[in-house]
Amino acid sequence: MEYGKAIINALDSVLADLPTDTGILFSGGVDSSLLATISKRHSSPVLYTVGIEGAPDLLAAEKAATKLELPWKPIVIDGDELESHCMTLLKLMSAENPVTVSFELPLQVVASVSREKVIITGQGADELFAGFHKYLSMSLIELKRSLKSDLAKVIEQVMPLDHRIANHHGKEIIHPFLDHRMIDVANSIPVEDMIIGGVRKVPLRHAAELMDLGSIASREKKAAQYGSGIMKVLRERSRDRSLTIREYFKELSLSNETIV
């Protein structure tokens, strides 16, 4: 449990200087719920969840927001709206990596509609605390190496992209888990304590338990593009055109060029 206390203290320090009004990308999982709970000490956060009708993240987020007693704004999108957001996003990034495009879509949607100028995201928690399913099959040596390389990729590639998307909409984005104070805490935890008995992100779950988050602490969730249902819609839209998702994104990019 000492790891949980260290995580809470570090997040509390990172989030201490928040402005009054903040928006949080919220999935109802352990990462975003920890951020919401601690942000509540320092600001008046509003929780935003993006998804198609009936998406798992929307259902979980509503329950979690009620538990946290924080205002929650679901953003339910359909295929046409999603395609419009894809076209905006593809003006800011390459269409070559469909997974990255799909993962960034919730940020694109929230940044385009949120009233708050500052957006908080849980980006980096999976890379710091072994949250991805792929980590389960790795040896400790492989896991340690993968966590290091995955974190470097997030810092070098994903963070700048997040800032570019937020700036496009006149917003500022904060990555609490990627602050050096959080990285130092994660690096102090033995890699064998990240996954125990097939349960990922164990230190973060300990922190959530200490914050009395109840069942949120144990919730297993899919990556944003899957829990939101976004990837499902993208596959359907591309299949309707007899295209791969990459080809579909390239087609949308060409449409952007035509419009210009």
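Mind sorting S242, S33, S253 by how few other Cβ atoms lie within 10 Å of their own Cβ, fewest first?
Fewest-to-most ranking of S242, S33, S253: S242, S253, S33.
Relative to the longest principal Cα axis of the chain, at what angle does helix 230-240 sit, 0 to 90 degrees, rounded to 10?
Approximately 20 degrees, to the nearest 10.
Relative to the longest principal axis of the C-alpha atoms of the chain, give the angle of the C-alpha long axis of helix 245-259, reported between 0 and 90° and rounded to the nearest 10°.
60
Identify which of A130, A55, A166 has the largest mean-square fluctuation in a Gaussian network model of the chain, with springs joining Cα atoms closer than 10 Å.
Looking only at A130, A55, A166, the biggest GNM fluctuation is shown by A55.
Just report the Cα centroid separation between segment 91-117 and segment 119-152, whole Å.
One Cα centre to the other: 22 Å.
For the chain, set up a Gaussian network in which alpha carbons nearer than 10 Å are linked by springs, and say which option among T20, T121, T49 fluctuates the most.
Comparing T20, T121, T49 in the GNM, the peak value goes to T20.
Could you pull out every one of the lysines with an alpha carbon less than 22 Å from that of K201, ignoring same-chain neighbours closer than 8 positions?
Excluding near neighbours in sequence, the set is K5, K63, K67, K134, K144, K148, K153, K221, K222.
Which of the lysines could be linked to K117 by a straight reach, that is with a Cα gap under 21 Å, when you skip same-chain ones fewer than 8 residues away?
The reachable lysines, counting only those whose Cα sits under 21 Å from K117, are K40, K73, K171.
Pick out, from A55, T121, L178, the residue whose Cα sits farthest towards the positive end of the charge dipole of segment 2-259, with +1 on the Cβ of Lys and Arg and -1 on the Cβ of Asp and Glu.
Going by the Cα projections, it comes out as A55.
So what is the relative contact order of the chain, in percent, for Cα pairs below 8 Å that sit 6 or more residues apart?
29
With a cap of 15 neighbouring Cβ atoms within 10 Å, and only residues DSSP puts in a loop, list the GluC sites (Glu not before Pro) found in segment 18-82.
Loop-located and lightly packed - E53, E69.
Using the number of other C-beta atoms within 10 angstrom as an exposure proxy, rank D12, D17, D31 with the fewest first.
Fewest to most other Cβ atoms nearby, the residues stand as D17, D12, D31.
Loop-only trypsin sites (Lys or Arg not before Pro) in segment 158-232, please: DSSP not H, G, I, E or B, and at most 16 other Cβ atoms within 10 Å.
Here the sparse-neighbourhood loop sites are K222.
Rounded to the nearest 20 Debye, what is the dipole magnitude of segment 130-260 about its Cα centre when Lys and Arg each give +1 and Asp and Glu each give -1 at the C-beta?
That gives segment 130-260 a dipole magnitude of about 420 debye.
At a 10 Å Cβ-Cβ cut-off, how would you order L140, L82, fewest neighbours first?
Fewest-to-most ranking of L140, L82: L140, L82.
Taking θ = phi - 60°, what integer Hz values does the Karplus form 6.51 cos²θ - 1.76 cosθ + 1.60 yield along segment 136-153, in sequence order, with x for Gly and Pro?
After applying 6.51 cos²θ - 1.76 cosθ + 1.60, I find 4, 8, 8, 6, 4, 5, 5, 5, 4, 5, 5, 4, 5, 6, 5, 5, 4, 5 Hz.
Any idea what the dipole of the chain comes to, in debye rounded to 20, about its Cα centre with Lys/Arg Cβ at +1 and Asp/Glu Cβ at -1?
The calculated dipole for the chain is roughly 240 debye.
Among (i) 18.1; (ii) 18.7; (iii) 22.7, find the value of Kirkwood radius over Cα pairs in Å that was calculated from the structure presented, and write down its label.
Answer by label: (ii).
Taken together, the values in this text are just the output of simple stated rules run on the coordinates, not laboratory data. Keep in mind that what you see is a predicted model, and the values were worked out from it rather than measured. When we count neighbours, we look across all protein chains shown, and the Cβ atoms used for this are built from the backbone with ideal geometry, even at glycine.
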